[in-house]
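Right, one structure below, let's go through it.
The values are calculated or read from the model by the stated rules, or taken from the named source; none is laboratory data. Remember, predicted model here, so these are calculated numbers, not experimental data. Positions of Cβ are backbone-derived with ideal geometry, glycine not excepted, and every protein chain shown enters the neighbour counts.
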Amino acid sequence: MLRQAFLYLSNQQNIFRFVRNNRFAKRLAQRFVAGETLEEAIRAVDPLNKKGITASLDLLGESVHTEREAQAATREILTMLDRINERRVQANVSLKLTQMGLDISEELCVALMHDVVGRARDLRTFIRIDMEDSTYTERTLRLFEDRLHPSYGDHVGIVLQSYLYRTLADVERAIAIKARVRLCKGAYKEPATVAYPEKADVDANYVRCMHKLLSEGNYPALATHDDRIIKEATRYVRANGIGADRFEFQMLYGVRRDLQDRLVRDGWRVRVYVPFGTQWYPYLMRRLAERPSNIAFITGNVIREMVRR
């Protein structure tokens, strides 16, 4: 019930307009969001890089409604790529296709993606296409497989979500074309007709997909904070002679920082997903929906920080 409430709140723009100017809400968001500007995001990545952790920068914002908005998002992402290169930041970029105009026109979206991934290729870096809710899954994969990956190869990758019934088959599709995959559990509210309703089934599907990607995939990214799944991943790669340089763990900014540090100390590769931008409220609500127990932990830390000031 609490998870559903947070997912509902993530779509309430009236509430967002209020909380964006609320001091306490902004302090709460700082746990998960690196700031509202690119400069703030790059500053947040610096201490991660110094610890041996790489990053994936994400300009928050999903579906745009006009071509002008899609063009503006493209310019911002191109600027991100340029700044990462100029500042020698150890980071790549994540984005959503609806941010690039997919809901307006597929041809517009493809044209803008060619601009972005072409720049990434020129700069020898990488674009990760985030997965959205299940109504976009097939469209996203089709566009990726037919119109982007053939042209750009390892400069562009995709995300698959283990809460969907279809994902093991999608993993096999990705392996067949040697596409780079980030595997996550999924953060959207989905009907039982397309997604596993029980966490245990989501986790079991994650492990099945993870094993296949580790054995046959092209540098998979395992996006999880689950200790049991991480333990199984490290057991599996050791048992099968899979090197630490053939995959990476990925985690969210501000979540399980102790675990991020421990994995790096143990010799594993770690990348942190670093979101920033003015559209932080929907993102924050989805993070709380994933793990409502975060509320008390985050609130306590924010209050203590405010008291010290």
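For the stretch 79-97, enumerate the residues that are assigned to a helix (DSSP H, G or I) and not hydroxyl-bearing (Ser, Thr, Tyr).
Filtering the stretch 79-97 down to residues assigned to a helix (DSSP H, G or I) leaves 79-87, 97.
Passing the criteria: MET80, LEU81, ASP82, ARG83, ILE84, ASN85, GLU86, ARG87, LEU97.
Of all residue pairs spaced 6 or more apart or on separate chains, those with beta-carbon atoms under 6 Å, a first member in the stretch 160-182 that is within 17 Å of ASP203 (Cβ to Cβ) and part of a loop (DSSP other than H, G, I, E, B) and a second member that is modelled with pLDDT of 95 or more and small (Gly, Ala, Ser) are TYR163/ALA195. Among residues of the stretch 240-253 that are aliphatic (A, V, I, L, M), those with a Cβ under 7 angstrom from a residue that is assigned to a loop (DSSP other than H, G, I, E, B), sequence gap 6+ or separate chain, pair up as ALA244/GLY267; ALA244/TRP268; ALA244/ARG269; MET251/HIS225; LEU252/PHE32. Every test in (1) over 30 Å from ASP203 (Cβ atoms); (2) touching a His at 6+ places or on another chain (Cβ under 7 Å); (3) β-branched (Val, Ile, Thr) is passed by VAL156 save one, and that test is (1). Has the stretch 185-193 got at least one residue that is touching a helix residue (DSSP H, G or I) at 6+ places or on another chain (Cβ under 7 Å), farther than 25 Å from ARG147 by Cα and polar (S, T, N, Q)? No; the residues of the stretch 185-193 include none that is touching a helix residue (DSSP H, G or I) at 6+ places or on another chain (Cβ under 7 Å), farther than 25 Å from ARG147 by Cα and polar (S, T, N, Q).
Restricted to the stretch 40-78, and to residues there that are among the hydrophobic types (A, V, I, L, M, F, W, C) and part of a loop (DSSP other than H, G, I, E, B), the residue that is farthest from ASP130 (Cα to Cα) is ILE53. Taken over the stretch 40-91, the criterion of being of a type in the set (A, V, I, L, M), surrounded by fewer than 16 Cβ atoms within 10 Å (Cβ to Cβ) and in contact with a Leu (Cβ under 9 Å, 6 or more places away or on another chain) is satisfied by no residue. Checked against (1) surrounded by 18 or more Cβ atoms within 10 Å (Cβ to Cβ); (2) out of contact with any strand residue (DSSP E or B) (no Cβ under 7 Å at 6 or more places or on another chain); (3) among the acidic types (Asp, Glu), ASP146 passes all but condition (1). Yes or no: the stretch 259-273 includes at least one residue that is surrounded by fewer than 18 Cβ atoms within 10 Å (Cβ to Cβ) and of a type in the set (Val, Ile, Thr). Yes, some residue in the stretch 259-273 is surrounded by fewer than 18 Cβ atoms within 10 Å (Cβ to Cβ) and of a type in the set (Val, Ile, Thr).
For (1) among the hydroxyl-bearing types (Ser, Thr, Tyr); (2) under 18 Å from the mean Cα position of the chain (by Cα); (3) part of a helix (DSSP H, G or I), each residue gets a yes or a no:
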{"residue": "ASP201", "(1), (2), (3)": "no, no, yes"}
{"residue": "TYR206", "(1), (2), (3)": "yes, yes, yes"}
{"residue": "MET210", "(1), (2), (3)": "no, yes, yes"}
{"residue": "TYR219", "(1), (2), (3)": "yes, yes, no"}
{"residue": "LEU259", "(1), (2), (3)": "no, yes, yes"}
{"residue": "LEU263", "(1), (2), (3)": "no, no, yes"}
{"residue": "VAL272", "(1), (2), (3)": "no, yes, no"}
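Restricting attention to the stretch 98-107, the residues that are in contact with a helix residue (DSSP H, G or I) (Cβ under 6 Å, 6 or more places away or on another chain) and assigned to a helix (DSSP H, G or I) add up to 2.
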